[in-house]
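Since the structure comes first, as C-alpha cells, the remarks are kept for the end.
The values are calculated or read from the model by the stated rules, or taken from the named source; none is laboratory data. Because the structure is a prediction, the values reported are computed rather than measured. Every residue, glycine as well, gets a Cβ built from its backbone with ideal geometry; the counts of neighbours run over all protein chains shown. What goes into the accessible areas is simple: the full protein's heavy atoms, side chains included, and nothing from ligands, DNA or RNA. Shrake-Rupley method; radii C 1.70, N 1.55, O 1.52, S 1.80 Å.
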Amino acid sequence: MDKHKAGYTNAYKVLIVQLLFSVFLFENCNTLNLTPDSLSPQPTQEVDQRETIVTDEQENASLVQQPQPGFSNLPIELQAYILSFLDGKNFHRASLVCQGWRKAAFIAGEERALDLSERRLAKKDCQLLLQVPFSSLILNDCQLGKRKILILSQSMRIKHLVLAKNRLKDSAAEALVSGNLPALTYLNLGYNEIGDTGVKALAKGNLAGLVYLSLRANMIEVAGAKALAKSNLTSLTCLDLGRDLGGNNIEDRGAQALANGNLTALTSLNLGRNEIGDIGAQALARGNLTGLTSLILESNAIEVSGAQALANGNLVALTSLDLRSNCIGVDGVQALANGNLSALTSLDLAANNIKDSGVQALVTGNLASLTCLNLGENKIGISGAQALASSNLTRLTSLNLGRNSIKDSGVQALANGNFVILTSLDLGFNEGITAAGIQALASGNLTALAKLNLQNNYIGDSGAQALVKGNLSALTSLDLDANNIGDTGAKALANGNFVALTSLKLESNKIEAAGVEALANGNLTALRSLDLEKNSIGDSGVEALANGNLVNLTCLNLKSSKIRIKDAGAEILASGKLAGLTSLNLGYNSIENIGARALVNGNLPGLTYLNLTENFVQGRQIDALIDWAGKKFIKLSL
C-alpha cells in the first residue's frame, strides 16, 4: 500500500471532510451493539471472502449498511490509507460498518497489529480472531491452552503471531503445527516450556514459511536443538534460543548440531545462557552458518580459545557480536581485534575482565567500523579510557563504560577525544566521577550526545549545575539516579538548556517539594518520562507536578516518595494536567482509600499501568480498584 500513499496524500488533505463524515459513522456504531472494549461480534465464516456480516440489528441500521456518498466512493487504496490512521479499536469497528469498508480494512490491515496481551480470551474470542482485519496478533500471557491454539491454528491470514508466556507446553505446540497457517512468517513462542517434544513437533510441522522463530526460555536441550537443525524450517533467517533465567540449555552439542544442520539461511542467532563453551564456539565458527550477521553468545562459558575460533573462522559477515559475561580476557580480546571480524559494527564485551590492557589491544586492531561498543564491568581505569579516546574508533555512536573506574581524568579524556559523533554514553556506577569530571564532560566536544547515563556517581548539586551550563543541549535522555542531588541541583536542571529532554531519571537523590516544583514549572516541557523514586517529595510535590507544565508526561514514577495523598492531594493528582499518563507508579507510599477513589474517578483516561503496592488501600476499595482496572484494561499492582 505504500506505493499509493504519496499519490493520494494531497487528495487526502482535500477530502478531509469525507474523513469527518466517516467519524460520524463511527458514532453510529452503537447501533451495531459494539461495546468499546469488546472484540465485537463477528461471523464464523472465512474472512478471506470478505463478506459483510449482517445481524438482525444491523439490518435495521440502514445508515450504516448502505453505501455512503463521499468516503465510499473514494478509491479503495485511499479508503485504506485513511482507515490506517485509526486506533486498533476503531479500526476493527470500521471493518464491520459495511462490505466496502471491510475490504478497505483488510488492505490496511496488512500493516496493522492487534495486541490483546494479558487478557483472558475464551474459545469464542479465539474464533472471532480468525476474522479480524489484522495480519499480526500479539497474545502474550492470555492463558491460551491446547483447544484455543487449535482454533488459532486455522488462521489463513495471520503473518505474525506472538504467543509468549502462555504456558503452552508441548501439546499446544503440536496443536499449532497441526493446523493451517500458510501466511505465517513470524512466530514467537517464548517462555512456554514446550521442551524438546514441542520443538520436535515444530520441526516436523507445516511451518516451512517461517523466517522468524523465538523459542526463548522453553526448556529446550540438546535433542531439541538437533531436531531444529534437521528440520524443514530452511527459510528461517532469525532463531532465538536464548535462555534468560532458567530455560534452554543446548550446551556444546546443541551448538554443534545447529552449526552443521539445515538452517543455512540464518542471519541472526541467539544462543545466550546455554552453557556453551569453547567447543560450541569453535563449531559455530567453522560450521555452515556463514550468512550470520548477528550472533548472541552472552552469559556462556567461552574462554580464549573460543574467542580465537570466532575471530578466525568463517563468520566474516558478522556485523553484531555479543560475548558479554564470558571469560575471554585480554588474550581473547586481542584475537577478536586482529581476526576476520572487520565488518563488525556492534561488539558487546561487558563483564569479561579485559582491564586496561584489553582496551589497548582492542583499539589497535582492525575493528575501526565499530559504531556500538559495550565495555561495561571490565575493571577499566583511567589509562583504558585514555586509550579509547585517542583510538581509531572514531565511528562510535554508542559507548558503554559503566561499572568501571575511569574517574574524573578518564571522563576528561573521553570529553576531549575523538568521539565527536557519539550519541550515547554510559558512565554509570563508576563511583569516582565528581563535579569536576562533569565540568569537563559538559564543556568537551561531545555535543552530539542524546543519551547520557551517570547513575551512582558523586556529582551532587554542583555537578548538575555544570551539566546544564555546558554544550550538551542535544540530550534527550539523562540518568542521574543516586548522585546526591538536592533541590539546588533539581532547580538547575529545570531551568537549564535541556529543552529537548524527554526522559529524566532522578531516583534515590535528595530532592524535596521545592525541587519538584522547579522541575514541574521549568524548561522541561518535552519530558515524557520522569522518575523521582525514593525522593522525599510528599503530597506537596505531587500537587506541584499535577499543576505544572509537564503536560507531555506519559510515564511517572513516584515510588517510595513519602506520599500520603488523602483528600486534596489525590484529587489534584487525578484531575490535574497529567491526563496523558499511561504509566503511574505510586508503590510504597501511604495512600489510603480516599486517594484510591480519586484516582479511579479522576482525569487519567490513558492509564494502562498503575502500581499501588504497599499502600494503605483496604476493604471494598480494593475490589473497586480491581473492577475498575479490569474494565479499563489497566494493569494493576496492589
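Scanning segment 338-375 for residues that are out of contact with any helix residue (DSSP H, G or I) (no Cβ under 8 Å at 6 or more places or on another chain) and assigned to a loop (DSSP other than H, G, I, E, B) yields 342, 343, 344, 345, 350, 351, 368, 369, 370, 371.
With respect to the stated conditions, residue 380 fails to be surrounded by 23 or more Cβ atoms within 10 Å (Cβ to Cβ), within 14 Å of residue 454 (Cβ to Cβ) and not aromatic (Phe, Trp, Tyr). Restricting attention to segment 165-184 and to residues that are assigned to a helix (DSSP H, G or I) and open to solvent by 30 Å² or more (accessible area, probe 1.4 Å), the residue that is nearest to residue 142 (Cα to Cα) turns out to be 169. Within segment 588-608, does at least one residue satisfy the condition of being modelled with pLDDT of 90 or more and touching a Gly at 6+ places or on another chain (Cβ under 6 Å)? No: segment 588-608 contains no residue that is modelled with pLDDT of 90 or more and touching a Gly at 6+ places or on another chain (Cβ under 6 Å).
Residues that are buried (at least 19 other Cβ atoms within 10 Å of the Cβ) and in a helix (DSSP H, G or I) do occur in segment 607-625, at least one of them. Taken over segment 395-416, the criterion of being open to solvent by 10 Å² or more (accessible area, probe 1.4 Å) and under 19 Å from residue 451 (Cβ atoms) is satisfied by 395, 397, 398, 400, 403, 404. Within segment 458-474, not a single residue is farther than 21 Å from residue 515 by Cα and of a type in the set (Lys, Arg). Put simply, of 130, 152, 176, 137 the only residue that is touching a Cys at 6+ places or on another chain (Cβ under 8 Å) and among the aliphatic types (A, V, I, L, M) is 152.
Within segment 516-566, the set of residues being in contact with an Asp or Glu (Cβ under 6 Å, 6 or more places away or on another chain) and not in a loop (DSSP other than H, G, I, E, B) comprises 531, 536, 544, 557.
Listed here are the residues, each with its yes/no results for (1) within 21 Å of residue 401 (Cα to Cα); (2) in contact with a Leu (Cβ under 7 Å, 6 or more places away or on another chain).
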residue: 432; (1), (2): yes, no
residue: 446; (1), (2): yes, yes
residue: 480; (1), (2): yes, yes
residue: 487; (1), (2): no, no
residue: 491; (1), (2): no, no
residue: 500; (1), (2): no, yes
residue: 518; (1), (2): no, no
residue: 526; (1), (2): no, yes
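With respect to (1) within 19 Å of residue 579 (Cα to Cα); (2) open to solvent by 40 Å² or more (accessible area, probe 1.4 Å), the lone exception for residue 529 is condition (2).
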